[in-house]
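The values are calculated or read from the model by the stated rules, or taken from the named source; none is laboratory data. A quick note: this is a predicted structure, and the numbers were derived from the prediction, not measured. Neighbour counts run over all protein chains shown; Cβ positions are idealised from the backbone, glycine included. We work out accessible area using only protein heavy atoms, side chains counted, and drop any ligands, DNA or RNA first. Shrake-Rupley method; radii C 1.70, N 1.55, O 1.52, S 1.80 Å.
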Amino acid sequence: MHPAKIGILTVSDRASAGIYDDISGKAIIDTLNQYLLSPWQAEYKVIPDEQPLIEQTLCQMVDELGCRLVVTTGGTGPAKRDVTPEATEAVCDRMMPGFGELMRAESLKFVPTAILSRQTAGLRGSSLIINLPGKPSAIRQCLDAVFPAVPYCIDLMEGPYLQCNDEVIQVFRPKKG
């Protein structure tokens, strides 16, 4: 059984310049390590908030590296340099608006500024790309909200079977038969 390749992309001018450590991307990796029982391999990158570079990196992760799931962090706010959702929309064939809607609804339970977040998700070929906010605590809150649907989405696109730890995250797959 080959490990599933999952792209972890941090979009941050300061983290990519080494001004501070990328705790957001590491929070995604830590969360996925807790969720997943099946083998997986992280394709991890930290890049600046440049839309052409974000688009290029998303395409590389999906088309060249074979990531069937790509999770981004950062660049989803209202600042001028926050362009991750635009880059995601530019490279996706179809958008999955329910992901962003659910993540914002979940985040609103914690902070009223969640309405400023523009995270989204979409499909590129047979891969799912999900944009998360940049704050580590929001990353876990958002992943806890949407991840129950992620393995079944990957199944529907004939991707690798993601077995999860039921004690950590309850995923949904319809019963067969």
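Annotations for the structure displayed:
- Restricting the chymotrypsin sites (Phe, Trp or Tyr not before Pro) of the stretch 31-140 to loop positions (DSSP other than H, G, I, E, B) with no more than 12 neighbouring Cβ atoms within 10 Å leaves 110.
- Legend: residues 167, 101, 55, 64, sorted from most to least accessible area (1.4 Å probe; ligands, DNA and RNA excluded), read 167, 64, 101, 55.
- Heavy-atom accessible area per residue - the stretch 51-177, 1.4 Å, Å²: 49 Å²
- Heavy-atom accessible area for residue 117, with the other protein chains in place and a 1.4 Å probe, reaches approximately 20 Å².
- Only one of (1) 15.6, 46; (2) 18.7, 67; (3) 15.1, 54 was calculated from the structure for Rg and Dmax of the Cα atoms in Å, and its label is (3).
- Cα gyration tensor category, rounded, prolate or oblate, for the stretch 74-129 with a/c compared to 1.5: oblate
- The stretch 59-115 - percent of accessible surface contributed by carbon and sulfur, probe 1.4 Å: 57 percent
- Across the stretch 40-177, C-alpha contacts under 8 Å between residues 6 or more apart give a mean separation that, scaled by the residue count, equals a relative contact order of 23 percent.
- Most mobile listed residue (136, 39, 151) in the chain, GNM with C-alpha springs under 10 Å: 39
- A DSSP coil position with no more than 10 other Cβ atoms inside 10 Å describes the following trypsin sites (Lys or Arg not before Pro) in the stretch 75-171: 80, 109.
- Using a simple spin-label model with pseudo-atoms 7 Å out from Cα toward Cβ, residue 166 and residue 115 lie 4.0 nm apart.
- 3J(HN,Hα) couplings calculated from phi for the stretch 169-176 with the Karplus curve 6.51 cos²θ - 1.76 cosθ + 1.60 (θ = phi - 60°) are, in sequence order, 9, 9, 8, 10, 9, x, 6, 7 Hz; Gly and Pro show x.
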